[in-house]
1. Restricting the search to region 1-30, which residues are exposed (fewer than 14 other Cβ atoms within 10 Å of the Cβ), within 16 Å of the chain's Cα centre (by Cα) and in contact (Cβ under 8 Å) with a residue 12 or more places away in the chain?
2. Considering only helices (runs of 4 or more DSSP H) fully contained in region 1-94, which possess at least 2 residues that are outside the structural domain of P120 (by TED's automatic domain parsing) and farther than 30 Å from L118 by Cα?
3. May I ask you to verify whether A33 is touching a residue at least 40 places away in the same chain (Cβ under 8 Å), surrounded by 17 or more Cβ atoms within 10 Å (Cβ to Cβ) and small (G, A, S)?
4. Got a sec? Which of L122, L118, L111, L128 is buried (at least 16 other Cβ atoms within 10 Å of the Cβ), modelled with pLDDT of 70 or more, closer than 30 Å to Q20 by Cβ and among the hydrophobic types (A, V, I, L, M, F, W, C)?
Amino acid sequence: MSTEEWVRAAQRGDPEAFHQLVSMERTKLYSIAFAYLKNEADALEAIQETTCRAFLKLGKLKEPRYFHTWFIRILIHYCMDEQKRKRKMLPLFQLPETLAADLALDEKLRLQMAIDKLTPRLRHVIILKYYEDNSAAGETGRHRENVAEQSAERAQGDFPEGGRAGICLMKPCTSRI
């Protein structure tokens, strides 16, 4: 069955069809949730909550072919809401530079801290394109290098003294954070 047929079956009330739809993208969903929440338990909770919300609102989906895009959008919004709730704690990316250097943070953590400093719009582009190889940025007609270069240039003002915090966004990230 195609995705559209699975969606139509799920909209008619077939819970197995909905389970199949979510299962087809479970790795991608987990990667996105983990990239935003940086915690396995929180990522799994986000997927569970998103699945529940999507199941309840499935009847409102007008274009079945966009099911996965719609589902990922719900997931991203949930993750952003969770991030807002957790801002009561001192986030790691707000550590003073000297303390971060004293802690000898590894390159992956520094990269994550730099991504966290980006504006939400730029952060979404980086996460979806370089962690998930999503073609959302490519649909605008720009090449991967142009998107990364423009994102890095726009983000320069977000780093201390206008620097890039020693990272290069020109290559896709191959490891999971």
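The values are calculated or read from the model by the stated rules, or taken from the named source; none is laboratory data. Since the structure is predicted, the reported quantities are computational estimates derived from the model, not experimental observations. Note that we place each Cβ from the backbone using ideal geometry, even for glycine, and neighbour counts take in every protein chain shown.
1. Quick first cut of region 1-30, residues exposed (fewer than 14 other Cβ atoms within 10 Å of the Cβ) only: 1-2, 4-5, 12-16, 23, 26-27.
This time we only want the ones that are within 16 Å of the chain's Cα centre (by Cα), so: 26-27.
Residue satisfying the conditions is R26 alone.
2. Details: elements: 3-11, 15-24, 26-37, 40-57, 67-85.
By residue number, 3-11, 15-24, 40-57.
3. Values: touching a residue at least 40 places away in the same chain (Cβ under 8 Å): yes; surrounded by 17 or more Cβ atoms within 10 Å (Cβ to Cβ): yes; small (G, A, S): yes.
Yes, satisfied.
4. On inspection, the qualifying residue turns out to be L128.
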